[in-house]
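None of the figures in this text is laboratory data; all of them are computed from the coordinates on show. Worth saying up front: this structure is predicted, and the values here are computed from it rather than measured. We place every Cβ from the backbone using ideal geometry, glycine too, and count neighbours over all the protein chains shown.
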């Protein structure tokens, strides 16, 4: 795991044990450049700055990030899809942003789908730890899980499967890194992405962070951070 100290502020007004370890994985445009930038990273930096919290960021596969947040008291994972199944498993700070999950194919693919059920029994590549897995399986669809999305992009290129379920903004970035030309076919669900913290984390800390996040939405901070990345997002999405 890659360790990056990213937040330098002590949350002394609430608890002397308020230091947090944040687990995440590369997911452009939300988490980029080894966790040094991105929409979600910038939002969390500002959130922790205003909340006066000291924390460190560790890059690790998505499934491991979720597991660490479940077993370690002062730990959180982000940006995690909030779902009914996960609701009672964590203390939630969010939403950090709203994401869309989409089905992608190779750009030159002849398959034509207009609804999710058109996939039939074809295998769909999906990220291990994503709540899209449960959603797709509940629809009776077949999935193949991978530890990271770069691997899914490579499998799509080698035609291990015809369909890739991924974040609608992240997939074009990741495909570009592997030289894969993809086409978005359908958006099949929206998800609230949040900071998923250990369920036994001090409720006072959770409340303060949620209150600060609400103020960031109201004063336009979230919108400004998101807009900063829109040009880059549009470039990759239209390639």
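Counting other Cβ atoms within 10 Å as a rough exposure proxy, the listed residues 19, 202, 167 run 19, 202, 167 from fewest neighbours to most. Against the chain, whose longest principal axis is taken from its Cα atoms, helix 39-51 shows a tilt of about 10°. For the chain, what does the alpha-carbon gyration tensor say about shape, rounded, prolate or oblate, given a ≥ b ≥ c as the root eigenvalues, a/c under 1.5 as rounded, and a/b over b/c as prolate? Prolate, because a/c is 1.5 or more and a/b exceeds b/c. Between the beta carbons of residue 183 and residue 117, assuming R0 = 22 Å, the FRET efficiency works out to 0.70 to the nearest 0.05.
What percent antiparallel are the DSSP beta bridges of the chain, to the nearest 5? Antiparallel bridges: around 65 percent, rounded to the nearest 5. Sequence-distant contacts, meaning Cα pairs under 8 Å at least 6 residues apart, place the relative contact order of region 108-210 at 26 percent.
Pairing the Cα long axis of helix 62-71 with the longest principal axis of the chain, what angle in degrees results, from 0 to 90 and rounded to the nearest 10? The angle comes out at about 30 degrees.
With respect to the chain, whose longest principal axis is taken over its alpha-carbon atoms, helix 203-218 is tilted by about 70°.
Report the Cα centroid-to-centroid distance between region 101-162 and region 57-77 in angstrom, as an integer. A separation of 25 Å, based on Cα centres. Stokes-Einstein diffusion for region 100-190, with the hydrodynamic radius set to the Kirkwood value over Cα pairs and evaluated at 4 °C in a medium of 1.567 mPa s, equals 102 µm²/s. The relative contact order of the chain, computed from alpha carbon pairs under 8 Å that lie at least 6 residues apart in sequence, is 27 percent. Oblate is the label for region 133-239. Its Cα gyration tensor axes, ordered a ≥ b ≥ c, give a/c of at least 1.5 and b/c at or above a/b.
Over the residues of the chain, the helix contribution to mean residue ellipticity at 222 nm works out to -10000 deg cm²/dmol, using -39500 (n - 2.57) for each DSSP H run of at least 4.
Between residue 67 and residue 19, the modelled labels are 2.5 nm apart [label points 7 Å from Cα along Cα→Cβ].
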